[in-house]
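Here is the structure we will look at, set down as structure tokens.
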Amino acid sequence: MARTRIIDGELFWWSPSRAAFYPASMHRSYHAGADGWPDDARMVSHDVFVAFGLTPAPYGHRRGADADGNPCWVALEPSP
């Protein structure tokens, strides 16, 4: 696996509605931004961040949220 530049101990938040991860160290910056900090953001483990934030999606899938709001791989809809 490729080396990452993640600082040891960095905490990450996951937003199911945006299907996106946010570093906790950027919390204030996101609050000040136009889109703001997502209301549904929840802290996730480093392992979850690596599995769904740094690892490319399997072929034919994209990052999404399961019924409980956890990150998962979602199958892409076939093109018409």
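The values are calculated or read from the model by the stated rules, or taken from the named source; none is laboratory data. In this text, all values refer to a predicted model and were calculated from it rather than measured experimentally. Please note: Cβ atoms are built from the backbone with ideal geometry, for glycine as well, and neighbour counts cover all protein chains shown.
A few comments on the model shown:
Condition check ((1) in a loop (DSSP other than H, G, I, E, B); (2) loosely packed, with under 10 Cβ neighbours inside 10 Å; (3) out of contact with any Asp or Glu (no Cβ under 9 Å at 6 or more places or on another chain); (4) modelled with pLDDT under 90) across all residues:
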{"position": "Met1", "(1), (2), (3), (4)": "yes, yes, yes, yes"}
{"position": "Thr4", "(1), (2), (3), (4)": "yes, no, yes, yes"}
{"position": "Phe21", "(1), (2), (3), (4)": "no, no, yes, no"}
{"position": "His27", "(1), (2), (3), (4)": "no, no, yes, yes"}
{"position": "Asp40", "(1), (2), (3), (4)": "yes, no, yes, no"}
{"position": "Met43", "(1), (2), (3), (4)": "no, no, yes, no"}
{"position": "Phe49", "(1), (2), (3), (4)": "no, no, no, no"}
{"position": "Phe52", "(1), (2), (3), (4)": "no, no, yes, no"}
{"position": "Pro58", "(1), (2), (3), (4)": "yes, yes, yes, no"}
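- Number of residues in region 60-80 that are in a loop (DSSP other than H, G, I, E, B) and either under 22 Å from Asp39 (Cα atoms) or touching a His at 6+ places or on another chain (Cβ under 7 Å) (or both): the value is 6.
- Candidate set from region 10-19 (those that are of a type in the set (A, V, I, L, M, F, W, C) and part of a loop (DSSP other than H, G, I, E, B)); member that is modelled with the lowest pLDDT: Leu11
- Selection status of Asp66, free of Cβ contacts under 8 Å to residues at least 12 places away in the same chain and either under 11 Å from Ala19 (Cβ atoms) or surrounded by 11 or more Cβ atoms within 10 Å (Cβ to Cβ) (or both): yes
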